[in-house]
Amino acid sequence: MSISLNNVNYKINNKTILQNINLSLKQGVYGILGLNGAGKTTLLNVISTLTKPQNGSLSYNNTDIVKNPLILRKDLSYMPQNFGLIPDLTVTQNIMYFGMLKGVSSKTLKENIPNVLEFFNIQHTKDTNVKNLSGGTQQRVALSLALVNDPKVLILDEPTSALDPIERINFYELIKKISDNSIVIVSSHNIYEIEKYVDNIIVLRNGQVSFSDTVDQLIPEAVSGLGNSVSENALNLEKAFEYFAK
Ligand SMILES: Nc1ncnc2c1ncn2[C@@H]1O[C@H](COP(=O)(O)OP(=O)(O)OP(=O)(O)O)[C@@H](O)[C@H]1O
């Protein structure tokens, strides 16, 4: 299982949003980090084939997914930042509707929906219209929806912003388990939140990849980038992240 991006560039109205992105993603959890406006959401949109890059190539299991996006989409679950739910449908109706759009059979959905709702502790909301739920509960519905079809590629844009601390830990533990058989990509602002659960970190700065490696390389690579003028002990994870992000 692999996703590759080669020299991907994306512009809007002549403004460069992503520049020369080269990434090779395999089974595991990837954290995409960056300051506001660094390009995280745009990169997730490109990887999930919602946005077409003007230059460069994108492949999934060695098939070109700029030309054949359906090859990826059938294996993909993407949870956008605004959750993308239909406000006037109930929780169950939303999951049935989007699940069927993804090609999951109604039998599988009916079997899986109680399990995912139970995992996120929202069984009691199954017949409630989404517009009547709090932001945190809507996020849990969107996560239930993202997980209902056992995706091989799971892309989550700031998935825990409305969850409480305990739900966040449970969520990342689940993500880690799911990643045994899939590629999981999670964007976040917070290095401390994800460092325990991600295998690799990708830091974006002004639309370019400034760091792409394992978490434990973040501090040593920042020290080396600073010309060894500081010791590793003097840099914490946050400062090392800032070195690559600012
Ligand atoms: N439709 C658009 N038109 C013009 N500029 C855009 C558009 N979409 C994104 N941008 C610009 O592209 C850059 C990257 O935006 P993007 O949303 O990908 O960043 P981000 O890292 O996800 O930010 P945040 O953490 O705030 O969600 C920003 O400068 C943004 O203003």
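The values are calculated or read from the model by the stated rules, or taken from the named source; none is laboratory data. If you're wondering where the values come from, they're calculated on a predicted model, not measured in any experiment. Backbone-built Cβ (ideal geometry, glycine too); neighbour counts: all protein chains shown. Each accessible area value is taken on the protein alone, full model and side chains, heavy atoms only, with ligands, DNA and RNA left out. Shrake-Rupley method; radii C 1.70, N 1.55, O 1.52, S 1.80 Å.
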**OP:** Give, rounded to the nearest 20 debye, the magnitude of the charge dipole that region 85-150 has about its Cα centre when Lys and Arg contribute +1 at Cβ and Asp and Glu contribute -1 at Cβ.
**Re:** 60 debye
Original post:
Relative contact order, percent, of region 85-150 when contacts are C-alpha pairs under 8 Å separated by at least 6 residues?
Top reply: 48 percent
Subject >> Prolate/oblate/rounded label for region 85-150 (Cα gyration tensor, a/c 1.5) >> reply: prolate
**OP:** Distance between Cα centroids, region 148-206 to region 3-30: provide it in whole Å.
**Re:** 19 Å
Original post:
Got a number for the accessible area of residue 100? Probe 1.4 Å, square angstrom, nearest 10.
Top reply: 100 Å²
**OP:** Arrange the residues 85, 58 by how much accessible surface each exposes, largest first, with a 1.4 angstrom probe.
**Re:** 85, 58
Subject >> Greater than 28 Å apart at Cα, pairs in 40/152; 52/196; 102/131; 26/74; 107/177; 152/246 >> reply: 52/196; 152/246
Subject >> Dipole moment magnitude, nearest 20 debye, the chain about Cα centre, only Lys, Arg, Asp, Glu C-beta charged >> reply: 860 debye
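For the chain, state the average projected area of the convex hull of the C-alpha atoms over all orientations, rounded to one decimal in nm².
Mean projected area for the chain: 13.8 nm², to one decimal.
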Original post:
Using θ = phi - 60° and the Karplus curve 6.51 cos²θ - 1.76 cosθ + 1.60, what whole-Hz ³J(HN,Hα) does each residue of region 157-162 get, with Gly and Pro shown as x?
Top reply: 8, 6, x, 10, 4, 10
